[in-house]
Amino acid sequence: MKQLYRSYNESTEIFKDLEKKFPNNFKLESIGQTWEKRDINLITISMDIKKADEQPALFFTGTIHAREWIGHELAVEFAQYILEKLDTDTTIQSYLKGTTIYMVPCANPDGFDYSYNHFSFWRKNRRPNIDGSYGVDLNRNFPIGYVKSTKTTSNVYGGPEPFSEPETRALRDFVETHKNITIALDYHSQGNVFFPAHDFRHEDTIDTTDMNTLCANMAEEIRKISGREYGIHQGKPPIKLISGSGREFYHSLGIISTVVEVGTRNISDYMDDMNENLREHIPALLYAVNEVPNYSKNNSVKRVDSFEITEIGSHHVNLKWGYETNENIFFEIYRAQKDKQFCNSSNLIARTQSLEFSDINLTSNKDYFYNIRVVNKLTGEKSPFYPQIRLRTDCDYDEFSRTYYATAKETGYVAENLNNNASHFGVNSLFVGIDENKGISYAIVTVSLKSVPENAIIKDASINLYPINRVSTTIEKYGEWNVGIVNQETMGDITKYEDVDNMQIIQYVGRPTESHQLTQGIWRTWSFSGMECKTLQEMGQKYGKVVFRVEGPKELIIGRTRQMMQWDIGYGKFGYGLTYRPRLELTYTIKPTITELYPKEVFTVSRNSINQDGISSGFDENGKKIYSTFEFNLSSMPPYEDTMITKAYFELNSTNIYIKDDIRFHLEFVDENIDQDYDSIANREIIQNIGYDVSANELKNNQTQYFLFDSFAEIILNEKLKNKSDVAFVLKPTSSKKSIKNKSVSWEIKNQALSPKLIIEHIPKRRYPLPKVTNTSLSLENGKIKISWENPKEIGFKGTKVIKNAFREPYSTHDGQKLYAGTDNYTFDDFGAKDIDKYYAIFTYDEVPNYSEPVIIKYEAK
């Protein structure tokens, strides 16, 4: 396997040959020497090598960890690919016209050589330590977050001090003297994940969206080649962050920076895996090259000054932003339905020169993510992104929404070869799959559904797990992960492996997640079908909870020791925090009440008479239309504030029909104040047609006819309910014949069961949000920011939700970091940096939930 990889000496010779072959576009130089006096190679690729340092640049580093050979191999392949296509590929030419590429293919030549020729899984450099051991982890030897240690034999020993190693000093000196570098990519293995830089303050930075989007767009280029999905994970509390990494050092200099973890093993099978890894990362790297000028300090196109939500509905969102516009500037708006998604032509929803945008035809109760950047149409320059907007659309008129989190004591994992499975519940991550030590592992996730109403009808549901580590998933494209609904009658003890292994699965949820779709740092969702929603509903009604079994592969291939995925539980010292608990998202309605209203007045209105004794419609002896009118009173309906009309229809029953002529009848919703005289009826103003017209011939076959209200008519009917006003309808005849006389249809009125009815389906649902919180304040307590408020006293109050955002006032309950949801009157920003300005938004909510307008508190750093 090793012989297909290039050694350090072989790559050096390749670079020397490329320099001879492409002297105007390629340069090889040394930026320093290692402990063992090897040159640290730097290669430069440019359209004009003499002017390379004058252009914005990409900085690539590889194999800083000796056993992670992908970086070194990819640099060789990428350099050859670029140079061999430079004369013929206009895309590459256009990219390099404004960008330079710097690559350090192997940042750890001594360690790589040792790994290549002696100990494959050596990680560190070859520094002789004072105690006789060897090596420093070079990716712990940078100053940002550096941790001093005396454990020289540790694989993550960071050295006696920052930049103690000649390799890291060489990287530092080069980067600090090349201010043109705008993007830095540090290639590692393994994990199929991007790790954007962080600043150890546990807050998003102004360029967090830029880093996530760069990674997401590179990931999409990878997916298009191999189908493989890459995760994106920036460190967040309370996990231990990687200390002393090069990526944070580059980021501290204003460079967009990320680690790229490739593959599922440090040294992959070259023909099976490495070939594909190389092939998929070349277009990803090309994408990064194209983005380099957009982050140049000389870029004249700056990000927008602000980006805000002005309105959210169940099917629309209004956005606005600030910018000093001119005729050459326009804005690109991107929309995604998952966090950390790409921004490319497939989800570009608007190009506009306006400073506002309305996005319509959205789905109710769904998460949406919006990004914006500025474009100069003359130069093609693009700005960095403004921090992403996150929101959830409102529930539709008949919907309720719930987010249920896993019950800690009934959520955990069981492993075939472990005896302490019960101790995992509520405190440990969810390990699912197989490895040689644990054997087969399952996860159990239990969610209480006791607060779901018994008459609920689930319309949409999803179970969501947060993948925190996929390093132990070591086999490419092998196995799948499924979530099954457990039969609780026969499930046995959920903490015993044998019982879990023998559980009866009533139904699996959605589609399986295959190994190449495991995305660390991006929520994984299993969506319920309609039938699966019915099963979920039955579990809630019968048991008051649902139990899921999460399962992965149960066999290993020869030579492999593990295919195990780690999902977050949110609780305990291993969890990322309560935000990352397994969660079940529900959208439901409830079984409606059906109210039948009978008309308080009916009229037959013809040119010659107005009749209240019966109703008919058609044409009189002179060919003039005969109208039927109906008026209903809504006073018997429940109060408007707590009632939502979800469906309405009008029932009419005809008497015996003998007409063969082409007559059709149309029911119209009209103003209730219309006068009951022929001219007023004939010249009526129509609010909306109700349902479709019906012919006289159809009445022969079906005496009962239903006219269904459309969405607009239902909205008007709901408005009429507000004032408990009357509602009126007119039945109008039409015919395709020019002259038709003495033809009419009578409608049943004396038999109450068959008389005209307005049938209204409605549910109890609060229409308006609760009052806002009062008496808000910020204070410092035990070194943490404390947010306090006073809750409203109204009936229907269910809780408050607190959101933090450093870049704008959060208008949505999802636009920022959720700090709290519950009935208390205070919370703490446990990991919030005290030296950063930020906004806290406090919302009240009811059972729908309807959210109040936020009360905003601005924290100003001192």
- Message: Output the 0 to 90 degree angle, nearest 10, between the alpha-carbon long axis of helix 208-226 and the longest principal axis computed from the alpha carbons of the chain.
- Response: 90
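Provide the three semi-axes, in whole Å and in decreasing order, of the ellipsoid equivalent to the stretch 75-149 as defined by the square roots of 5 times the Cα gyration tensor eigenvalues.
Working through the eigenvalues yields semi-axes of 37, 17, 7 Å.
Which pairs, out of Lys27/Lys97; Lys459/Lys804; Lys27/Lys124, put more than 19 Å between their alpha-carbon atoms?
Exceeds cut-off: Lys459/Lys804; Lys27/Lys124.
Multiplying the sequence separation of Asn344 and Thr561 by 0.36 nm and subtracting their Cα-Cα distance, what value in nm do you get?
74.2 nm
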- Item | Where GluC sites (Glu not before Pro) fall in DSSP loop in the stretch 555-608, at most 11 other Cβ within 10 Å | Glu555
- Three-way shape label, the stretch 2-295, alpha-carbon gyration tensor, a/c 1.5: rounded
- Message: Highest mean first, how do 45-56, 80-91, 139-150 rank when packing is the count of other Cβ atoms within 10 Å averaged over residues?
- Response: 139-150, 45-56, 80-91
- Whole-Hz ³J(HN,Hα) from phi, Karplus 6.51 cos²θ - 1.76 cosθ + 1.60, for the stretch 380-387, glycine and proline x: x, 5, 10, 7, x, 7, 7, x
- Item | Rg [Å, one decimal], Dmax [Å, integer] - the stretch 202-261, C-alpha atoms | 12.7, 35
- Note on the structure: FRET efficiency for Ser423 and Asn702 from the Cβ-Cβ distance with R0 = 60 Å, rounded to 0.05, comes out at 0.35
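Determine, from the Cβ-Cβ distance of Ile686 and Arg607 and an R0 of 25 Å, the FRET efficiency 1/(1 + (r/R0)^6), rounded to the nearest 0.05.
With a Förster radius of 25 Å, E is 0.80.
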- Answer check: the chain, Cα atoms, Kirkwood Rh, Rg/Rh ratio of 1.08
- Item | Point-to-point label distance, Ile225-Lys477, nm (Cα→Cβ direction, 7 Å offset) | 1.4
- Work out, step by step, the length gained on full extension between Glu719 and Lys151: first 0.36 nm times the residue separation, then minus their alpha carbon distance; give nm to one decimal. 197.2 nm
- Query: Per the helix-only calculation at 222 nm, which mean residue ellipticity applies to the chain, given -39500 (n - 2.57) for every DSSP H run of n ≥ 4 and division by its residues, nearest 500 deg cm²/dmol?
  - Reply: -5000 deg cm²/dmol
- Message: Could you work out how much longer the chain between Glu311 and Glu596 gets when fully extended? Use 0.36 nm per residue separation minus the Cα distance between them, nm to one decimal.
- Response: 99.0 nm
- Over 30 Å (Cα to Cα) among Lys338/Lys438; Lys302/Lys838; Lys700/Lys732; Lys2/Lys224 -> Lys338/Lys438
- Task: Sort Ile740, Ile463, Ile594, Ile43 so that the residue with the fewest other Cβ atoms within 10 Å of its own Cβ comes first and the one with the most comes last.
- Result: Ile594, Ile740, Ile43, Ile463
- Roughly what angle does helix 8-21 make with the longest principal axis of the chain, taking Cα atoms, 0 to 90 degrees, to the nearest 10? 80
- Per residue of the stretch 164-176, in order, report the coupling 6.51 cos²θ - 1.76 cosθ + 1.60 (Karplus, θ = phi - 60°) as ³J(HN,Hα) in whole Hz, putting x for Gly and Pro. 6, 9, x, 5, 6, 5, 5, 5, 4, 5, 5, 5, 5
- Task: Please list, or write none, the aspartates and glutamates whose alpha carbon is within less than 12 Å of the alpha carbon of Lys377, excluding same-chain residues fewer than 8 places away.
- Result: Glu327, Glu332
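Sort 351-360, 65-74, 336-345 for me by packing, meaning the mean count of neighbouring Cβ atoms within 10 Å per residue, highest on top.
Answer by packing, highest mean first, reads 65-74, 336-345, 351-360.
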- Query: Could you give me the ³J(HN,Hα) list for the stretch 47-56, computed from phi with Karplus coefficients 6.51, -1.76, 1.60 and θ = phi - 60°, whole Hz, x at Gly and Pro?
  - Reply: 5, 9, 4, 6, 10, 4, 6, 8, 10, x
- What residues qualify as long-range amide H neighbours of Trp481, i.e. H under 5 Å apart, gap of 5 or more or another chain, H built at 1.01 Å from N? Thr513, Glu514
- Straight-line reach from Lys591: which aspartates and glutamates have a Cα under 16 Å away, not including same-chain ones fewer than 8 places off? Asp396, Asp398, Glu399, Glu454, Asp460, Glu538, Asp642, Glu761
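Read-outs: derived from the displayed coordinates by stated rules, not from any lab. On a predicted model such as this, the values are computed, not experimentally measured, just so you know. FYI the Cβ positions are ideal-geometry reconstructions off the backbone, even for glycines, and counts take in every protein chain you see.
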